[in-house]
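For reference, the structure is listed below as structure tokens.
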There are 2 protein chains.
Amino acid sequence: MTTKETQQLILDTAIELFNRYGTGRISANRIADTCHLSRGHLYYHFKKKEEIISAIYDRIAAEVKHNWGDDLKQPTVHHMLEMFDRYLALIWRYRFFYREMLTLLAMDESLKQRFSKDRHDRTMVVVLFFQALIENDVLLGPRDAKTLKNLVKASWIVSDNWINYLSVDSTARYPDCVDEGYELVIDLFRPYLSPKTLSILNRSREI
Amino acid sequence: MTTKETQQLILDTAIELFNRYGTGRISANRIADTCHLSRGHLYYHFKKKEEIISAIYDRIAAEVKHNWGDDLKQPTVHHMLEMFDRYLALIWRYRFFYREMLTLLAMDESLKQRFSKDRHDRTMVVVLFFQALIENDVLLGPRDAKTLKNLVKASWIVSDNWINYLSVDSTARYPDCVDEGYELVIDLFRPYLSPKTLSILNRSREI
């Protein structure tokens with residue numbers, strides 16, 4: 001295996017174990033054993049568990065950033081819906097991170113700063129994307145900048161915490177939890193959907 | 001001190017320490033020392049830290065339930081605004097619980113079940129309250145039951161996680177964080193506010 005392939009195997013395995021058991025119950029040694037790697041070999045790539053978590057966050061951030069340009073180039077209803085769906089599915093894939101976020105960020109100041117900066121930058125892009133949606137009559141508002149920013153923040157908080165909210169009552173299941181979260185986020189924007197957007201949305205539900 | 005006064009002192013002290021340092025860093029012994037009680041005396045009231053956390057949750061639940069009857073008797077704009085404000089201020093007072101919620105519920109199955117049932121019951125009451133607001137023309141909608149329930153859930157998730165969201169960027173400060181959370185929740189309902197409600201809201205801001 002190349003270095004890149006080995007690191008990918010380690011991260012894929014860690015994500016699966018963290019999602020299932022939580023980071024507190026999974027040691028770096030357990031990850032090495034599950035990958036059938038020696039502990040020294042894992043140590044060569046990642047000195048401690050925090051480095052694995054930090055590398056997983058890099059992957060999350062890269063996936064979020066991957067389509068940024070596209071978001072702004074295509075202010076369409078399809079792209080808006082795809083963006084909600086894509087983000088909720090990402091949270092499902094990395095659900096341990098969103099479940100333990102405050103603890104993980106408190107343990108690693110550099111991770112916290114990257115996360116905070118990425119969230120700030122991404123919020124700005126999403127606000128611009130929604131402004132473009134309003135200009136293109138996909139949405140009828142909100143035209144007030146503060147209300148729009150609050151709505152983007154609220155949809156962010158709802159997305160990040162939806163699977164956590166569900167998991168108090170029962171075990172969240174994929175893809176149902178993503179579909180339910182998607183409906184919840186759409187409903188935040190429902191009063192602003194233009195008649196044309198509503199008709200596209202209703203048609204896409206019938207499929 | 002009476003038993004009730006001693007227990008109140010223990011809980012008040014625990015809340016302050018948990019809010020400041022997190023439950024992981026605070027032992028039952030540390031709480032006893034801060035209260036100037038012997039460890040045996042604290043043990044007489046609470047056998048372990050989990051029992052203290054459980055008793056604090058009972059207090060949270062009692063505070064939330066305290067005004068339930070009122071909520072339904074007064075479907076007015078003033079009462080709606082007071083409800084948002086009251087709930088966000090409660091989350092600030094017990095912010096450690098909302099910060100560590102998933103971990104705390106995972107450690108105590110009985111607490112998790114009480115929390116889940118209370119949240120379910122309370123959601124039903126809040127939905128009824130909003131239906132009454134719609135009937136009383138405080139709100140113009142949403143008239144669709146599913147959209148209304150989703151909006152209530154979303155406002156719940158936003159309220160519960162607002163201080164957590166803020167704390168990633170900086171130290172959340174009272175009362176600013178409560179005021180900002182209040183604006184965020186109001187903005188979720190903004191498109192449904194009737195003209196009369198909007199004028200009351202604008203007047204209350206000028207004061």
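Where a number appears in this text, it was derived from the coordinates with a stated rule and is not lab data. All values derive from a computational prediction rather than experimental measurement. For neighbour counting, all protein chains shown are included, and Cβ atoms are generated from backbone atoms with ideal geometry for every residue, glycine included.
A few remarks follow.
- Its relative contact order, with pairs defined as Cα atoms under 8 Å and 6+ residues apart, puts chain A at 21 percent.
- Each Lys and Arg contributes +1 and each Asp and Glu -1, all at the Cβ; summed about the Cα centre of the protein assembly as shown, the dipole is approximately 640 debye.
- Seen from A:Lys4, the other residues with C-beta closer than 13 Å to its C-beta sum to a net charge of -1, counting Lys and Arg as +1 and Asp and Glu as -1.
- Most mobile listed residue (B:Ser159, B:Ser194, B:Ser110) in chain B, GNM with C-alpha springs under 10 Å: B:Ser110
- Extension reserve of the B:His120-B:Asp58 stretch, reckoned as 0.36 nm per residue once the Cα distance is removed: 20.7 nm
- Computed FRET value (nearest 0.05) for B:Leu198 with A:Arg39, which takes r as the C-beta separation and R₀ as 60 Å: 0.40
- Counting beta carbons within 10 Å around each of A:Cys177, B:Cys35 and listing the fewest first gives the order B:Cys35, A:Cys177.
- Most mobile listed residue (A:Gly24, A:Gly181, A:Gly141) in chain A, GNM with C-alpha springs under 10 Å: A:Gly24
- Counting Cβ atoms of other protein chains within 10 Å of each Cβ in A:155-162 and taking the mean gives 5.
- Amide H to amide H, with H built 1.01 Å from N, B:Leu193 comes under 5 Å of B:Leu140, counting only residues 5 or more places away or on other chains.
- Label points for A:Asp169 are taken 7 Å from Cα along Cα→Cβ. From this copy to the others they lie 3.1 nm apart, shortest first.
- The stretch B:34-107 versus the stretch A:158-206: alpha-carbon centroid distance in Å: 30 Å
- Positive-pole candidate from B:Leu90, B:Gly69, B:Ile157, dipole of the stretch B:57-206, charges at beta carbon: B:Gly69
- Chain B versus the axis that turns it onto chain A: the residue with the nearest Cβ and the distance in whole Å amount to B:Pro191, 2.
- Position A:Glu135, label points 7 Å along Cα→Cβ, spacing to each other copy in nm (shortest first, one decimal): 4.6
- For the stretch B:1-79, the list of trypsin sites (Lys or Arg not before Pro) that fall in a loop by DSSP and count at most 13 other C-beta atoms within 10 angstrom reads B:Lys47, B:Lys48.
- Magnitude of the charge dipole for chain A, about its Cα centre and with charges confined to Cβ atoms of Lys, Arg (+1) and Asp, Glu (-1), is about 440 debye.
- Dipole magnitude for the stretch A:86-207: computed about the Cα centre from +1 point charges on Lys and Arg Cβ and -1 point charges on Asp and Glu Cβ, it is near 260 debye.
- Among A:Thr6, A:Phe115, A:Asn29 - extreme Cα towards positive end, dipole of chain A, charges at beta-carbon: A:Asn29
- Comparing B:Thr13, B:Thr34, B:Thr123 in a Gaussian network model of chain B (Cα springs below 10 Å), the most mobile by mean-square fluctuation is B:Thr34.
- Neighbour-count ranking [beta-carbon atoms within 10 angstrom, fewest first] of A:Glu63, B:Glu5: B:Glu5, A:Glu63
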